[in-house]
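Working notes, beginning with the structure itself.
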Amino acid sequence: MERLQTTPMRLRPTIVCYADILGFRAETQRAFRSGWGDGFLRRIKRALDKAYGRVREAKLGYPPGASLFDMKVFTDNIVVAYPLGEGFRSDGEAELGTVLTLFAQVQTSLALDGFFLRGTIAFGKHYQDEDIAYGDALLEAVGLDQSGGPPRLTIAPSVEPLIAQHLSYYGDSTWAPHYQQILEDPADERLFVDYLGSELDLFPDYPIHAALLPLHRERVLNGLRDHKSDQGVRSKYVWLARYHNRTCRSFAEQWDIPVPAAADDEQLAYSADAKRALDFRVPFETGL
């Protein structure tokens with residue numbers, strides 16, 4: 001990583017994301033038992049190349065060839081470390097925003113290929129190069145990821161003061177970029193990356209929902225069916241079903257027009273199109 005290697009080796013304040021793929025070991029074992037090891041290898045390689053390719057492209061900044069952050073990958077594990085800028089601009093808003101945006105894209109890409117990401121975004125002292133990843137931010141991220149929670153990218157407690165600081169810059173916090181990228185899970189009040197909501201925020205410029213929501217629903221349903229006899233794993237897909245259905249409802253409500261007579265034809269068309277999201281809910285009511 002050029003940005004870190006051109007400075008003395010030292011710990012720096014860094015946004016760190018550590019994540020792995022839900023059930024990767026079990027899926028690999030099942031593939032080998034069924035004689036489909038080569039097929040699963042090709043499937044996971046295509047999915048990871050596509051998802052992680054977005055991160056590799058975003059690494060290159062200015063001047064040309066410089067690396068903004070470091071990325072380490074080992075099969076189903078990924079660690080991205082983005083050190084805060086030094087000097088005038090060192091509040092972490094740009095760095096955190098980049099990580100949230102990138103991992104919303106990575107989560108979406110992997111989910112649509114049938115792989116769900118679980119991990120943590122943390123903040124603290126960190127050093128990373130081609131040989132080593134070291135620091136308290138990584139320890140926090142790995143520790144929270146090993147708690148066995150649902151397939152989500154959790155925002156660690158160490159990041160929450162940064163988010164509060166960034167939101168304070170805006171008279172209306174709903175205008176803040178982070179506000180559109182993060183949700184709170186009502187079950188445990190933990191913040192997590194809203195990857196579906198981030199993608200749907202492209203509407204109406206890009207009507208992505210018509211492709212995103214049906215395919216995401218299909219992947220969640222597959223997980224519910226495949227793991228119906230394993231309640232520990234199935235509970236992860238129950239969480240995904242709740243998250244998916246909540247997203248469908250929120251998206252339709254966001255574009256609802258209470259007084260249709262006050263809207264023009266274009267607004268009415270957008271509203272009707274957005275309401276189609278309700279048709280893409282998982283037919284399984286879990287009440288998020």
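Here, each number is a calculation from the coordinates, and none is a lab measurement. Keep in mind it's a predicted model, so treat the numbers as computed, not measured. Note: ideal-geometry Cβ built from the backbone for every residue, glycine included; neighbour counts use all protein chains shown.
Overview of results
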{"item": "Neighbour count of at most 10 Cβ within 10 Å plus DSSP loop: longest GluC sites (Glu not before Pro)-free window in the chain", "result": "190-284"}
{"item": "Pairwise label distance in nanometres, residue 267 with residue 132, each label 7 Å out on the Cα-Cβ vector", "result": "5.9"}
{"item": "Potential extension, residue 32-residue 275 segment - 0.36 nm per residue separation minus Cα distance", "result": "83.2 nm"}
{"item": "Label-to-label distance, nm, for residues given as residue 11 and residue 173 (7 Å Cα→Cβ offset)", "result": "3.0"}
{"item": "Within the chain, longest stretch free of exposed trypsin sites (Lys or Arg not before Pro) [DSSP loop, at most 11 other beta carbons within 10 Å]", "result": "90-227"}
{"item": "Rg/Rg_ref, the range 202-288, where Rg_ref = 2.2 N^0.38 Å and atoms are Cα", "result": "1.27"}
{"item": "The chain - mean residue ellipticity at 222 nm from DSSP helices (-39,500 (n - 2.57) per run, n ≥ 4, rounded to 500)", "result": "-15000 deg cm²/dmol"}
{"item": "Rh (Kirkwood; distinct C-alpha pairs) - the range 137-271, Å", "result": "17.2"}
{"item": "Normalised alpha carbon radius of gyration of the chain [divisor 2.2 N^0.38 Å]", "result": "1.05"}
{"item": "Label-point separation, residue 90 to residue 202 (7 Å along Cα→Cβ), nm", "result": "3.6"}
{"item": "The range 10-135, relative contact order in percent, only Cα pairs under 8 angstrom and at least six apart counted", "result": "45"}
{"item": "Unit Cα scatterers, Debye sum, the range 175-219: log10 I(q)/I(0) for q = 0.16, 0.22, 0.27, 0.31 Å⁻¹", "result": "-0.52, -0.84, -0.97, -1.03"}
